[in-house]
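**Student:** Please see the structure below; I have some questions.
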Amino acid sequence: MATKKVTVTIPEDLLDEIRAEVAERGLSAYVAEALRFKRDRDRLLELVDWLQEEHGPVTEDERAAALAELEDVDAEHERRRTSGGHNAGEAA
């Protein structure tokens, strides 16, 4: 993947904390990952806004159901992680 060097300004205390935590990975990798995460979150928020314009706001019941489903998925992932694996054809 092609990369390009850029200059950014970061508060010194934040930079010191990040450098202390990411020594092996490197600052550039950390920043790239953080920017990807932020970009993906922004895109999801745009999707949420569009969906709410099209279909109206999410009700509390819909929100609770979605959170319960996410908890079930997280619990299943944790179960698989702690049990030591899964079959090659099995969905993660």
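The values are calculated or read from the model by the stated rules, or taken from the named source; none is laboratory data. Just so it is clear, the structure is predicted and the values come from calculations on it, not from any experiment. Don't worry about glycine lacking a Cβ; one is built from the backbone with ideal geometry, like all the others, and counts go over all protein chains shown. These accessible areas exclude ligands, DNA and RNA; they are computed on the full protein's heavy atoms, side chains included. Shrake-Rupley method; radii C 1.70, N 1.55, O 1.52, S 1.80 Å.
**Student:** Tally time: how many residues in region 52-65 are among the aliphatic types (A, V, I, L, M) and at pLDDT 95 or above?
**Tutor:** Residues that pass the stated criteria total 2.
**Student:** Looking at R79, R36, which is the one that is modelled with pLDDT under 95 and part of a helix (DSSP H, G or I)?
**Tutor:** Numbers: R36 fails: modelled with pLDDT under 95.
Checking each option against the conditions leaves just R79.
**Student:** Continuing with the same structure: Tell me, please, whether a residue that is surrounded by 10 or more Cβ atoms within 10 Å (Cβ to Cβ) and touching a residue at least 12 places away in the same chain (Cβ under 8 Å) can be found in region 56-76.
**Tutor:** no
**Student:** Here is a follow-up. Take the residues in region 25-45 that are more than 15 Å from the chain's Cα centre (by Cα) and open to solvent by less than 70 Å² (accessible area, probe 1.4 Å), then tell me which one is nearest to T3 (Cα to Cα).
**Tutor:** A29
**Student:** Quick one: which of V8, V22, V48 is at pLDDT below 95, over 21 Å from the mean Cα position of the chain (by Cα) and aliphatic (A, V, I, L, M)?
**Tutor:** Being at pLDDT below 95, over 21 Å from the mean Cα position of the chain (by Cα) and aliphatic (A, V, I, L, M) holds for just one of V8, V22, V48, which is V8.
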